[in-house]
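Okay, so here's the structure we're looking at.
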Amino acid sequence: MSRKPPEPVQVVKERRDAALARLAGSIPYARLLGVHFDRRGDELTAVMPFDEQLIGNPMLPALHGGASAAFLEISAIVQLSWLTLWEGMESGAPMPEGRIRLPKTIDFTIDYLRTGLPRDAYARARVNRSGRRYASVHVEAWQDNHARPFVQATGHFLMPPDGV
């Protein structure tokens, strides 16, 4: 009985990073907002770098509520899709070819807790429930202090029929 030797850590890391880049790159609005993801194992932190175009009220200045909401929704969708991809990658399945099928938003409730300042924003999504057809996700975004989110949301999503 001979076992296949494990892949080098760098090869596994590169494969995971390439899968995440392809997943995040499949969302055009994420590219427009400049959203990218920091990966530590299976945990993702979304990053939306500050850009003057994201200002909604120049008198304060404050981040536009729509940009904040889109940032949260993108974070939730990518986290859901990443969990599905992660399970496949860990079981040895190849990355799906062609277009990546993303979860569809059923509803998305946003709580604006305080003004989004003209700074980089970070978000993490927590999947509360994920089944074959339906998923529930909670996501929070913060800027300087993780314990003080400036916006949070809860979303419900229709999962793609064949996973990602």
Measuring from its Cα centre, region 9-158 shows a charge dipole (+1 at each Lys and Arg Cβ, -1 at each Asp and Glu Cβ) which, in debye to the nearest 20, is 380 debye
Sequence order, region 2-17: Karplus ³J(HN,Hα) from phi using 6.51 cos²θ - 1.76 cosθ + 1.60, θ = phi - 60°, Hz rounded, Gly and Pro as x, gives 10, 8, 6, x, x, 5, x, 4, 5, 5, 5, 4, 4, 5, 5, 5
For GLY56, the residues 5 or more places away or on another chain with a placed amide H closer than 5 Å to its own amide H are ALA62, LEU63, HIS64
To the nearest 10 degrees, the tilt of helix 65-90 (Cα long axis) against the first principal axis of the alpha carbons of the chain is 10 degrees
Counting sequence-distant residues (5 or more places) and residues on other chains, those with an amide H built under 5 Å from that of ARG101 are none
Computed ³J(HN,Hα) along region 34-40: with the Karplus parameters 6.51/-1.76/1.60, θ = phi - 60°, integer Hz and x for glycine or proline, the list is x, 5, 9, 10, 9, 10, 10
Taking trypsin sites (Lys or Arg not before Pro) in a DSSP loop with at most 14 other Cβ atoms within 10 angstrom as exposed, one finds the longest site-free stretch of the chain at 4-98
Highest GNM mean-square fluctuation among VAL12, VAL35, VAL139, for the chain with Cα springs under 10 Å, belongs to VAL12
Going residue by residue through region 154-161, the Karplus relation 6.51 cos²θ - 1.76 cosθ + 1.60 with θ = phi - 60° gives ³J(HN,Hα) values, rounded to whole Hz and with x marking Gly or Pro, of 10, x, 10, 10, 8, 7, x, x
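A short reminder: the numbers here are calculations on the coordinates, not readings from a lab. Worth saying up front: this structure is predicted, and the values here are computed from it rather than measured. Don't worry about glycine lacking a Cβ; one is built from the backbone with ideal geometry, like all the others, and counts go over all protein chains shown.
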